[in-house]
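Participant: Structure provided below as structure tokens; questions to follow.
The values are calculated or read from the model by the stated rules, or taken from the named source; none is laboratory data. Not measured: the values here are computed from a predicted model. So basically every Cβ, Gly included, is an ideal-geometry build from the backbone, and we count neighbours across all protein chains shown.
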Amino acid sequence: MLPLYVDISGKRIVVFGGGTIAERKLQQIFETNGGGGALNVEVYSLDFTPFIEEMNEKGEIRCFQCDLWDRNLGELIKGAFLVLVCTDDETLNGRILKETAKYDALVNYKHAGDVFMSSVVNKGGFLISVSTSGKGPAMARYMKTKILSLIGDKEEKMLLIQSNLRGYLKGKIKEEGRRREILNLVLEDPECWAALDEPVEVAEKLIFKIVSDKYA
């Protein structure tokens, strides 16, 4: 498996099913989209959870109430970038998978698809995916909780300062290798981490001074 982060802004996403599985996947899509562009999501099902109905009412997604057994699945799938198969009818899911294979679309469905949605940590500017490749979903959730506990106020501040420091160093040091080395030295410097006890604006000034005095 190759972990990738994909910009899905504007790309057509088709969801078959409107139950709790579809709801969970939609929540993850919208939570991880962050500051990305508008999403183009269509949901086809006989019924929808209240959460999905609310998203439809807000205009965040478009819901189409229908019996999928009576629809031309190819017409719904054609032009999709990603297809999420989330119905509770295994026979229907098999039919959707077979039809999706005829088109140039990624498909997510248990372990039969070619795209898997892992457990995701989205906190303080960090976006981290955790997967066990289906071996232990409970373990993936456990590790997500562990990783979340490692991201605190200081880590969030340091990420912001590192981003600004990169720009500062680009204007001061030509050699990329040396810039990378300094960024790593900052992360290993107890004095820099101690500065993060201050408000972020003050901490940034202190860390920039440390860098200027010791490394640059």
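Participant: Looking only at helices (runs of 4 or more DSSP H) that fall completely inside region 138-198, which ones have 2 or more residues that are acidic (Asp, Glu)?
Facilitator: Counting at least 2 such residues, we get 153-170, 176-188.
Participant: For region 142-196, how many residues meet the condition of being within 25 Å of the chain's Cα centre (by Cα) and of a type in the set (Phe, Trp, Tyr)?
Facilitator: 1
Participant: Output yes when any residue across region 98-110 is assigned by TED's automatic domain parsing to the domain that holds Leu73, in a helix (DSSP H, G or I) and of a type in the set (Lys, Arg), and no when none is.
Facilitator: Checking region 98-110: at least one residue is assigned by TED's automatic domain parsing to the domain that holds Leu73, in a helix (DSSP H, G or I) and of a type in the set (Lys, Arg).
Participant: If you check Thr87 against the conditions, is it surrounded by 15 or more Cβ atoms within 10 Å (Cβ to Cβ) and not in a strand (DSSP E or B)?
Facilitator: In short, yes.
Participant: Determine the pairs where a residue that is within 14 Å of Glu75 (Cβ to Cβ), located within region 85-103, has a partner that is loosely packed, with under 13 Cβ neighbours inside 10 Å with Cβ atoms under 6 Å apart, the partner being 6 or more residues away or on another chain.
Facilitator: Going by the 6 Å Cβ cut-off, the qualifying pairs are Glu99/Gly74.
Participant: Related question: Collect the residues in region 1-26 that are under 20 Å from Lys110 (Cα atoms) and loosely packed, with under 13 Cβ neighbours inside 10 Å, keeping them in residue-number order.
Facilitator: Within region 1-26, Met1, Leu2, Pro3, Leu4, Tyr5, Val6 meet the criteria.
Participant: Mind checking which pairs have a first residue in region 177-204 that is in contact (Cβ under 8 Å) with a residue 40 or more places away in the chain and a second that is small (Gly, Ala, Ser) and part of a helix (DSSP H, G or I), Cβ under 7 Å, 6 or more apart or different chains?
Facilitator: Short answer, once both residue conditions are applied: Leu196/Ala203; Ala203/Ala195.
Participant: Please go through region 1-26 and give me each residue that is acidic (Asp, Glu) and in contact with a Phe, Trp or Tyr (Cβ under 8 Å, 6 or more places away or on another chain), ordered by number.
Facilitator: Glu23
Participant: Same structure, new question: Tell me which residues, restricted to region 92-120, are more than 20 Å from Arg71 (Cα to Cα) and touching a Ser or Thr at 6+ places or on another chain (Cβ under 6 Å).
Facilitator: Ser118, Val120
Participant: Restricting the first residue to region 41-66 and requiring it to be polar (S, T, N, Q), which pairs with a second residue that is in a loop (DSSP other than H, G, I, E, B) meet a Cβ separation below 6 Å and a spacing of at least six or different chains?
Facilitator: Partner pairs satisfying both residue conditions: Ser45/Gly17; Ser45/Gly18.
Participant: Please identify the pairs in which a residue from region 144-170 that is of a type in the set (Val, Ile, Thr) has its Cβ atom under 7 Å from the Cβ atom of a residue that is surrounded by fewer than 15 Cβ atoms within 10 Å (Cβ to Cβ), counting only partners at least 6 apart or on another chain.
Facilitator: Within 7 Å, the pairs are Ile151/Phe126.
Participant: Among the residues that make up region 200-212, is at least one of them in a helix (DSSP H, G or I), polar (S, T, N, Q) and more than 22 Å from Gly124 (Cα to Cα)?
Facilitator: For region 200-212, residues in a helix (DSSP H, G or I), polar (S, T, N, Q) and more than 22 Å from Gly124 (Cα to Cα): present.
Participant: Tell me, please, whether a residue that is in contact with a strand residue (DSSP E or B) (Cβ under 8 Å, 6 or more places away or on another chain) and surrounded by fewer than 16 Cβ atoms within 10 Å (Cβ to Cβ) can be found in region 168-178.
Facilitator: no
Participant: Can I ask one more? Are any residues in region 27-62 surrounded by 15 or more Cβ atoms within 10 Å (Cβ to Cβ), modelled with pLDDT under 95 and assigned to a loop (DSSP other than H, G, I, E, B), and if so, which ones?
Facilitator: Leu39
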